[in-house]
Amino acid sequence: MTTTVRPAAVPTGAWMRWAPTAAIAWAAAYGVVRVWFATGHAPDWELPGNDLLIPYWVSVGACVVSAALVALPVSRATIALTWAAAAGWVAVCALALLDVVGGLLPGLGIPFDPTGMLTRFAGLTGAGLLAATALARQRGLDPTCLSCSGRRRPVTSTPRWAIAGAVAAVAGCLVRLGAQAAVGLDSTPYGAGLAMILFEAGFLLTGVVLPILLVTRLGRVFPRWMLLLPGGGLGAGITAYFGVGLLQMTVSALRREPAFEGGELPEAFFWVAVPAYLVWGAGLLAATYGYHLRTRKPCRHCGR
């Protein structure tokens with residue numbers, strides 16, 4: 001039996017007040033769009049399948065569930081479920097990673113669909129609003145300090161788990177490169193030229209340089225946002241995209257179906273590369289969170 005807990009005080013930050021209302025408004029508006037698609041009015045998408053990684057009517061139900069979670073009385077259970085719903089929306093919008101890469105580097109040959117990108121980023125907006133709602137209500141349960149939950153502890157050095165995350169990220173990147181070298185560096189579905197050079201440069205920066213900067217003193221030279229934004233955004237995008245991909249591969253294997261049909265790369269390549277990407281993304285997220293803890297300023301309300 002779930003025990004309802006009332007917040008001890010009204011949150012002090014403006015975003016903590018409007019986030020739940022905005023989340024419900026988003027669920028209603030986005031739900032209408034999903035119903036429109038589900039009733040046969042969806043456009044032709046450039047990428048295979050739908051714009052999201054779930055059927056249209058399932059996405060309608062997800063909007064209803066999201067709104068219901070926000071509307072229900074605040075409790076630790078509903079807060080946890082709201083966090084889970086936010087993570088779920090990130091997962092089903094995982095193709096947004098391809099939108100970013102294809103939009104920034106059109107020469108790679110990745111299909112770029114502005115309409116699909118718009119609907120996926122709309123879904124990610126909902127994920128952000130649900131996460132903000134969960135965070136606001138989580139802080140509201142602790143009367144010590146509504147701005148930081150009153151449980152902050154000073155972090156003067158990089159946590160060991162953050163260092164382990166950075167090592168995992170670098171290892172995942174190198175394993176992915178090793179898998180590519182094993183099948184041939186010229187065996188790639190992407191186009192050649194300047195776009196490919198920029199992609200490879202970004203690949204190494206994100207997979208080797210960024211994790212190292214996040215856990216060493218060198219990272220303090222840069223403004224926080226210059227490391228937090230790519231670390232958090234790419235970490236979440238890589239984890240979501242390849243986490244879903246690995247799940248799909250596992251389901252196909254259990255059904256004794258090929259994970260990928262067509263193409264020049266052997267299936268064994270994907271069984272090495274996709275888990276490596278997943279480790280890379282998860283490690284990058286851990287290193288980024290450790291960097292956030294190490295570089296954040298004291299709370300202006302309670303001083304912690």
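Could the peptides 66-72, 239-245 be put in order, highest first, of the mean number of other beta-carbon atoms found within 10 Å of their residues?
Values: 66-72: 19.6, 239-245: 22.1.
Going from most to least packed, we get 239-245, 66-72.
Could you give the accessible area per residue of the range 1-134, probe 1.4 Å, as a whole number in Å²? Write down the numbers at each step before the final one.
Numbers: 6590 Å² over 134 residues.
Averaged over the residues of the range 1-134, the accessible area is 49 Å².
If you average 1/r over every pair of different alpha-carbon atoms in the range 36-171 and take one over that average, what Kirkwood value in Å do you get? List each step's numbers first, then the result.
Numbers: mean 1/r = 0.0567 Å⁻¹.
Taking the inverse mean of 1/r over all distinct Cα pairs, the range 36-171 comes out at 17.6 Å.
Could you check how much of the accessible area of the range 238-293 is carbon and sulfur, as a whole percent, using a 1.4 Å probe? Don't jump to the answer; show the numbers that get you there.
Numbers: 1860 of 2950 Å².
The computed percentage sits at 63.
Ranked from highest to lowest mean number of other Cβ atoms within 10 Å per residue, what is the order of the peptides 274-283, 249-258, 48-57?
Values: 274-283: 22.5, 249-258: 11.5, 48-57: 16.9.
Packing proxy ranking, top to bottom: 274-283, 48-57, 249-258.
Rank by packing, highest mean first: peptides 211-218, 77-84, with packing defined as the count of other Cβ atoms within 10 Å averaged across residues.
Output ranking for 211-218, 77-84: 211-218, 77-84.
The values are calculated or read from the model by the stated rules, or taken from the named source; none is laboratory data. Quick caveat, the model's predicted, so the values are computed rather than measured. Please note: Cβ atoms are built from the backbone with ideal geometry, for glycine as well, and neighbour counts cover all protein chains shown. Just the protein is used for accessible areas: all its heavy atoms, side chains included, with ligands, DNA and RNA removed. Shrake-Rupley method; radii C 1.70, N 1.55, O 1.52, S 1.80 Å.
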